[in-house]
Amino acid sequence: MNACVSDFARRQEEVFSLEQIGSIQEAAWLALYRYAFEKSPFYGEHLKAAGLSPHSPPSLADMGTLPMTDKDCLSERTSEFICVPDRQVVDVVTTSGSTGHPLVAVLTEADLNRLGYNEYLSFRCADLTAEDRVLLAVTLDRCFMAGMAYFLGLRTLGASVIRVGASLPAMHLETIQRLKPTAVVGVPSFLRLVAQRASESGFDLVGSSVRKLVCIGEPVRTTSMELNKIGRDLEACWGAKVFSTYGSTELATSLCECRAGLGNHIHPELLYLETVDEQGNPPAPGEEGELVATTFRMEAMPLIRYRTGDYARLISEPCPCGRLTQRISPILGRKNHKLKVKGATLFPSTLQVVLEACPELASYVILVRNESDLSDHIEIKVCWNAGCGEHTARLLRDRLQAEAKVVPTISEASAEEIESLQMPEGARKRRFFVDLRTKARE
């Protein structure tokens, strides 16, 4: 096992009892509380303003009484969140900016060790071992945390790493043929493109060495835990097991599902998650809410009750894999992406479920604009497969009305136009939803 694990308790998370999980998190919380009060200019002021004292920390059970922070606050006061002098900063990362202005985060050497350990735990959830040879179809440049995190995690695991990055599909196919990786980490839409190129060139992906696909950045499951269309397509085209993930740059954390596919496992010594409703209160049991995160063992920029803007469901039931750690469901949507249509609210993911299930669609992108103060206008640009047209468009409208309860405008576009909307110049992530509203609604 790589030396960077030595900073943390070597453990088998699947054998943690509920009592051990509670004890680990309580100790980590008390250490974070005292550290943030002493080292963080922001939290020293933030917690004191709430009437709290560094000498009388609330228990983890009272976490819900503490004030929350959010992306706007982190963006506007970044320097006040930093707990270390500049000389201790060894890496600077930024978010993709998919929900606004990119956020900046800094990491120390200890934070990089934590990052690698987190990914080590996540990869173990996906049954990866030191015997695996893993193709990384993820960039390590442009201040992108994910690629670096996956590399560190695989090195911690002891697996071999093949750093191809987000290059041409042909290069990935050549690498698979020549170096025979057993697993691939990549974005689902890109992995589907590689599969299409393989089909066109007669390359047998199903018969290749790849047996696991760790999918990042885009959903491969519905909120009911079933594989969505792209997830099913990937398993069929690659002949490999698909694993979903959830990641956040600000949290320096990602979570992966196990083979049971029933939610992404939380690592209790690194992260504490809550969910809240629009008023900041816990939602009803089993209901989705906004994920609120508290990060443990972060040295440069720890976060306490940070509103991620992502909506999901917390799952506490034991997992069939044997782990007793909490899990999160697939992400329902992001707060800034919530749509309002004639008095009803929904997330773009609701539309995507219908669109992904439409076999006649080659590609699509959802556009939203202001229609009035009370309603948004939704347009879906589509590129049909050969032989499809207006009749298919009518069927799609019917499906959207029946399943999503809205009737958006559907307009045809070329594959090139949709590609330019999904991947504008300088983009790090493919986007299937483009928000053109002049003012984001809460």
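Can you tell me which residues in the stretch 244-274 are in contact with a Lys or Arg (Cβ under 8 Å, 6 or more places away or on another chain) and over 25 Å from Thr294 (Cα atoms)?
Arg259
From the list Glu218, Glu235, Glu226, Glu250, which one is closer than 22 Å to Arg114 by Cα and open to solvent by 20 Å² or more (accessible area, probe 1.4 Å)?
Criteria check complete, one pass: Glu250.
Quick one: which helices (runs of 4 or more DSSP H) lie wholly within the stretch 25-99 and hold at least 1 residues that are touching a helix residue (DSSP H, G or I) at 6+ places or on another chain (Cβ under 8 Å) and open to solvent by 50 Å² or more (accessible area, probe 1.4 Å)?
Of the helices (runs of 4 or more DSSP H) lying wholly inside the stretch 25-99, those with at least 1 residues that are touching a helix residue (DSSP H, G or I) at 6+ places or on another chain (Cβ under 8 Å) and open to solvent by 50 Å² or more (accessible area, probe 1.4 Å) span 41-49, 78-81.
Please work out if Glu26 is acidic (Asp, Glu) and either touching a strand residue (DSSP E or B) at 6+ places or on another chain (Cβ under 7 Å) or at pLDDT 95 or above (or both).
Yes; evaluated as a whole, the condition is true for this residue.
Can you give me the ranges of the strands (runs of 3 or more DSSP E) entirely in the stretch 129-200 with at least 1 residues that are more than 30 Å from Ala105 (Cβ to Cβ) and basic (Lys, Arg)?
Strands (runs of 3 or more DSSP E) meeting the threshold: 133-136.
Which strands (runs of 3 or more DSSP E) sit wholly inside the stretch 357-442 and have at least 3 residues that are within 22 Å of Lys229 (Cβ to Cβ), open to solvent by less than 60 Å² (accessible area, probe 1.4 Å) and in contact (Cβ under 8 Å) with a residue 12 or more places away in the chain?
Answer list for the stretch 357-442: 361-370, 376-384.
List pairs: first residue in the stretch 24-41 and closer than 9 Å to Glu269 by Cα, second residue part of a helix (DSSP H, G or I) anywhere in the structure, Cβ distance under 6 angstrom, at least six positions apart or on different chains.
Partner pairs satisfying both residue conditions: Gln25/Leu60.
Name the single residue that is modelled with the highest pLDDT among those in the stretch 339-348 being open to solvent by 30 Å² or more (accessible area, probe 1.4 Å) and not β-branched (Val, Ile, Thr).
Out of the qualifying residues, it is Lys340.
Within the stretch 244-285, can you find the residues that are β-branched (Val, Ile, Thr), at pLDDT 95 or above and in a loop (DSSP other than H, G, I, E, B)?
Matches in the stretch 244-285: Ile266 only.
Give the residues of the stretch 45-83 that are β-branched (Val, Ile, Thr) and either more than 23 Å from Val276 (Cα to Cα) or at pLDDT below 95 (or both), sorted by residue number.
To start, the set of residues in the stretch 45-83 that are β-branched (Val, Ile, Thr) comprises 65, 69, 78, 82.
Scanning the stretch 45-83 gives Thr65, Thr78, Ile82.
Which of the numbered conditions does Ser329 fail, given that it passes all the others? Conditions: (1) open to solvent by less than 10 Å² (accessible area, probe 1.4 Å); (2) touching a Phe, Trp or Tyr at 6+ places or on another chain (Cβ under 9 Å); (3) modelled with pLDDT of 95 or more; (4) not acidic (Asp, Glu).
If we test Ser329 against (1) open to solvent by less than 10 Å² (accessible area, probe 1.4 Å); (2) touching a Phe, Trp or Tyr at 6+ places or on another chain (Cβ under 9 Å); (3) modelled with pLDDT of 95 or more; (4) not acidic (Asp, Glu), just (2) comes out false.
Out of Thr139, Thr156, Thr182, Thr94, report the one residue that is polar (S, T, N, Q), touching a residue at least 60 places away in the same chain (Cβ under 8 Å) and in contact with a strand residue (DSSP E or B) (Cβ under 6 Å, 6 or more places away or on another chain).
Numbers: Thr139 fails: in contact with a strand residue (DSSP E or B) (Cβ under 6 Å, 6 or more places away or on another chain); Thr156 fails: in contact with a strand residue (DSSP E or B) (Cβ under 6 Å, 6 or more places away or on another chain); Thr182 fails: touching a residue at least 60 places away in the same chain (Cβ under 8 Å).
One residue alone meets the criteria, Thr94.
Run Tyr150 past the list (1) at pLDDT 95 or above; (2) open to solvent by 30 Å² or more (accessible area, probe 1.4 Å); (3) among the aromatic types (Phe, Trp, Tyr) and report the number of the one that doesn't hold.
Of everything listed in (1) at pLDDT 95 or above; (2) open to solvent by 30 Å² or more (accessible area, probe 1.4 Å); (3) among the aromatic types (Phe, Trp, Tyr), Tyr150 misses just condition (2).
Name every residue in the stretch 306-335 that is part of a strand (DSSP E or B), more than 15 Å from Glu257 (Cβ to Cβ) and not polar (S, T, N, Q), in order of residue number. Break it down into steps so the answer makes sense when it comes.
Taking the stretch 306-335 as the starting set, the residues that turn out to be part of a strand (DSSP E or B) are 306-312, 314-315, 327-328, 333-334.
Filter once more, so that each one left must be more than 15 Å from Glu257 (Cβ to Cβ): 306-311, 333-334.
Once the filter is applied, which keeps residues that are part of a strand (DSSP E or B), more than 15 Å from Glu257 (Cβ to Cβ) and not polar (S, T, N, Q), the stretch 306-335 yields Tyr306, Arg307, Gly309, Asp310, Tyr311, Gly333, Arg334.
The values are calculated or read from the model by the stated rules, or taken from the named source; none is laboratory data. Being a predicted model, the structure only gives us computed values, none of them experimental. Using ideal geometry, Cβ is built from the backbone for each residue, glycine included, and neighbour counts are taken over all protein chains shown. Note: accessible area is taken over every heavy atom of the protein model, side chains too, but ligands, DNA and RNA are not part of it. Shrake-Rupley method; radii C 1.70, N 1.55, O 1.52, S 1.80 Å.
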